[in-house]
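For reference, the structure discussed in these notes is given below.
The values are calculated or read from the model by the stated rules, or taken from the named source; none is laboratory data. All values reported here derive from a predicted model rather than from experimental measurement. Quick reminder, even Gly has a Cβ in these numbers, built from the backbone with ideal geometry, and neighbours come from all protein chains shown.
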Amino acid sequence: MTLAELEQKKAESLEAIAAAADAAAVEALRVAYVGRNGSIPALIKGMKDVPKEDRPAFGKAVQAWRAEVEAALAAKGGGSAGEKAVEADLTLPGRWFGLGSKHPLSRVIEESAAIFARLGFTVADGPELETRFNNFTALNTPPHHPSQDRTDTFWFGEDCLLRTQTSPVQIRTMMANKPPVRVICPGRTFRRDTTDATHSANFHQIEGLYVDRLPQKPVSLADLKSVLAYFAKAMMGDGVTVRFRPHFFPFTEPSVEVDFTCHVCKGKGCNVCKQSGWIEVAGAGMVDPRVFRHVGYDPEKVSGYAFGFGVERIAMIKYGIPDIRWLYENDVRFLSQLG
Ligand SMILES: [Zn+2]
């Protein structure tokens with residue numbers, strides 16, 4: 001390209017920019033002339049082919065072209081200079097990014113931690129990858145128990161698994177601390193369940209444990225009931241109370257299943273509680289002496305209770321969520337409803 005041709009192109013480009021009708025046209029011209037693959041950068045790249053003696057004058061002319069094009073683009077509100085001018089105008093309304101909201105599972109976990117904190121419980125944490133001892137053996141679950149099956153649990157070799165419950169955190173806490181121990185353990189758990197409206201292979205639990213010394217501070221089933229009754233009322237609302245039904249768990253003796261009064265009908269009977277007035281929520285009991293022995297406590301010198309419930313279960317009841325899968329799909333139409 002000769003200098004004369006260059007001057008001709010420059011005149012054309014400035015004319016085109018001056019004639020651009022809208023922001024899109026200005027942007028298209030910016031891309032065409034000064035964009036990464038635009039004609040001006042192409043000229044600069046091709047400078048080595050210009051005869052050596054012409055290079056200084058040619059280079060100067062190209063730089064001048066570039067400066068004039070950028071000035072013309074900025075005058076039309078395009079290019080980086082235009083953007084800066086817009087940003088500097090503090091009277092323009094701001095851009096709305098949306099605040100989002102807390103996930104229902106996070107809400108239940110945080111609210112539970114706050115309720116139990118009022119009763120003196122602290123939060124304990126542990127790894128999701130556990131040993132057979134912490135997840136089963138110490139919790140008095142024998143090797144032939146179906147929960148240890150390869151079809152029920154995610155195993156990695158003989159001794160390593162994704163925890164099926166948050167109870168191993170209780171084991172870790174007791175092994176690391178002398179009584180009294182008063183903790184809740186919220187966390188993620190894993191089982192080889194097929195996903196449907198009420199099951200998920202990955203879900204969340206909150207377990208609680210209170211152990212104290214004998215004979216000074218005996219812990220009873222009545223203590224457990226009063227703590228869970230307090231939690232039920234604080235979490236689900238006034239008029240919600242608890243009842244215990246006898247059950248069996250390997251790590252507690254005696255063991256109970258815990259029902260809350262249906263918070264919708266307050267016990268009168270409705271569709272939510274299938275007319276029974278009660279909703280099954282948790283499992284609980286007095287810590288089995290064998291568990292105490294596994295963690296190095298003397299069962300003659302301590303007593304305690306443990307309980308556990310599903311975070312998804314509480315969230316579904318509390319917020320009226322009919323399908324557990326909604327909690328994992330991250331559909332913003334669902335998540336934004338709790339505001
Ligand atoms: Zn009901």
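Which pairs do you get when a residue that is on the phi < 0 side of the Ramachandran plot and within 16 Å of the ligand (Cβ to nearest atom), found in the stretch 277-303, comes within reach of a residue that is part of a loop (DSSP other than H, G, I, E, B) and at pLDDT below 95, reach meaning Cβ atoms under 6 angstrom, with the pair 6+ apart or on two chains? Pairs found: Ile279/Cys262; Ile279/Cys273. Among the residues here, Gly267 qualifies as modelled with pLDDT under 95 and within 16 Å of the ligand (Cβ to nearest atom). Any chance the stretch 230-245 includes a residue that's assigned by TED's automatic domain parsing to the domain that holds Arg325, closer than 30 Å to Asp149 by Cβ and crowded, with 20+ Cβ neighbours inside 10 Å? No, because not a single residue in the stretch 230-245 is assigned by TED's automatic domain parsing to the domain that holds Arg325, closer than 30 Å to Asp149 by Cβ and crowded, with 20+ Cβ neighbours inside 10 Å. When you look at Pro180, is it free of Cβ contacts under 8 Å to residues at least 40 places away in the same chain, touching a strand residue (DSSP E or B) at 6+ places or on another chain (Cβ under 9 Å) and not β-branched (Val, Ile, Thr), yes or no? In short, yes. The residues of the stretch 321-339 that are under 16 Å from Phe203 (Cβ atoms) and not in a loop (DSSP other than H, G, I, E, B), listed by number, are Ile324, Arg325, Trp326, Leu327. Pull up the stretch 185-229, narrow it to residues that are surrounded by fewer than 18 Cβ atoms within 10 Å (Cβ to Cβ) and among the hydrophobic types (A, V, I, L, M, F, W, C), then point me to the one that is nearest to Pro146 (Cα to Cα). Across the stretch 185-229, the extreme among qualifying residues is Ala201.
Across the stretch 246-264, the qualifying residues are those that are surrounded by fewer than 20 Cβ atoms within 10 Å (Cβ to Cβ) and farther than 15 Å from Met316 by Cα, and the one among them that is nearest to the ligand (Cβ to nearest atom) is Glu257.
Of all residues in the stretch 8-24, those that are among the basic types (Lys, Arg) have Cβ atoms under 6 Å from Cβ atoms of residues that are surrounded by 12 or more Cβ atoms within 10 Å (Cβ to Cβ), 6 or more apart or on another chain, in Lys10/Trp65.
Screening Leu338 against (1) at pLDDT 90 or above; (2) within 28 Å of Val242 (Cβ to Cβ) leaves a single unmet condition, (1).
Looking at this structure, is Tyr305 more than 21 Å from the chain's Cα centre (by Cα), of a type in the set (Ser, Thr, Tyr) and within 30 Å of Arg172 (Cβ to Cβ)? So Tyr305 fits the description; yes.
Out of Val332, Val295, one residue alone is modelled with pLDDT of 90 or more and either buried (at least 17 other Cβ atoms within 10 Å of the Cβ) or out of contact with any Phe, Trp or Tyr (no Cβ under 8 Å at 6 or more places or on another chain) (or both). It is Val295.
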